[in-house]
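Q: The following block contains the structure, expressed as structure tokens.
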Amino acid sequence: MSIAESRTAGSIPFLDALGVLRAAAEETRLRILALLTDGELSVSDLTDILGQSQPRISRHLKLLVEAGLVERHREGAWAFFRLSEARAGLADPLLSGLDRSTPPLSEDRARLDAVRTQRAETAQTFFARLAPKWDELRSLHVPEATVEAAVLDALGERPLGSLIDLGTGTGKMLGLLAPRAARATGLDSSHAMLSVARANLERQGLSRVDLRQGDIHAPPFARASFDLVVVHQVLHYLDDPARALRGAARLVAPGGRLLVVDFAPHDLEFLRTSQAHRRLGFSADQVSHWLAEAGLATVAISDLVPREAGQLTVTLWLAQEAGHQQTGLGRDAEPLQRAVA
């Protein structure tokens, strides 16, 4: 059996296992692994928590990455580290059995809580500067709770599997959907917004969500790697929304789904200057056409029409691969349903 086949079968070759155990068999590295069970951390975070120099922490992380125990990803000038799923079968029993109530792990956890508190305060300061503009936009359409309920209704009871939220912003959709997903990832081009999302998700106890910095037009993930792709209130900010949907469609696994949430066409020109909107909404046919060009069939469209005149209609598009469009989407399996709320 090859190494790849062994990993698929859930087993690890002897030499790989030996390398993993050697990498973990050092005090600082084991403390790092214990900390990463609570979510991703940067070198700066680990330096503050463990009270060691940046070069020393970086050296330990390098060895853990080389052993396959830890994964590294960049976020602008920052680097974040998280436990590797590929080695979970070997590392999880060890880490879950550690006693976190006594030093040094109890002290590490206390300092981790302090780091997260500071992170949340920094994120809140940033968000407070944006809040007036966001409050203005929210006042122009149906309540967010109504949108979230429509999202859940569109997705139905079907398991979400692996989920990615493209242009995640503050992590609103991840907070709603990640508890139902086997694996959840958020992508955004802004490090500042990812900091807000990270703090918000940690506050909800969702510290194992994978947050990445990247371009929504060219998401840095393998083709067909997610069961559900979400593009929530992003397209109207983009110069080329069709290209973004092509990139999103590339990530949809066989039988997977793509959910788009955005505004229907409107004439509120002031949003171009006050909110940096590039497009004033999209017609149902326009987005469906772009999805078709990307190889997906639109299977459900829902309009959330506000009660007050002059407000914005929010539209949801649910799509799936053209060859799988009648596979149990939402609560119905009809090829296309149009609902107006």
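Read-outs: derived from the displayed coordinates by stated rules, not from any lab. Fair warning: this is a prediction, and the values are worked out from it, not measured in the lab. Methodologically, a virtual Cβ is constructed for each residue, glycine included, from the backbone with ideal geometry; neighbour enumeration extends over all protein chains shown.
Q: I'd like the orientation of helix 284-293 relative to the chain: the angle between its Cα long axis and the longest Cα principal axis, in ° from 0 to 90, rounded to 10.
A: 50 degrees
Q: I'd like to compare 104-110, 281-287: which one has the highest average count of other Cβ atoms within 10 Å, and what's the full order after that?
A: Packing order, densest peptide first, comes out as 281-287, 104-110.
Q: On a 0 to 90° scale, report how tilted helix 241-250 is relative to the longest principal axis of the chain, with both axes built from alpha carbons and the result rounded to the nearest 10.
A: Once rounded, the angle reads 50 degrees.
Q: With n ≥ 4 as the cut-off for DSSP H runs, can you work out [θ] at 222 nm for the chain, using -39500 (n - 2.57) per run divided by the number of residues, rounded to the nearest 500?
A: Roughly -13000 deg cm²/dmol at 222 nm, from the helical runs in the chain.
Q: Still on this structure, I have one more. With a cut-off of 8 Å between alpha carbons and a minimum separation of six or more residues, what is the relative contact order of region 218-257 in percent?
A: 64 percent
Q: Work out from phi, with θ = phi - 60° and the Karplus expression 6.51 cos²θ - 1.76 cosθ + 1.60, the ³J(HN,Hα) of each residue of region 295-312, listed in order in whole Hz, and give x for Gly and Pro.
A: Each residue of region 295-312 in turn: x, 10, 9, 6, 10, 7, 10, 9, 9, 9, 8, x, 7, 9, 5, x, 9, 8 Hz.
Q: Something else now. State the label only: which of (i) 36, 22, 21; (ii) 39, 25, 16; (iii) 34, 26, 19 corresponds to semi-axes √(5λ) of the Cα gyration tensor in Å computed from the shown model?
A: The listed entry that was calculated here is (ii).
Q: Looking at region 186-241, which trypsin sites (Lys or Arg not before Pro) are in a loop (DSSP not H, G, I, E or B) and have at most 12 other Cβ atoms within 10 Å?
A: ARG223
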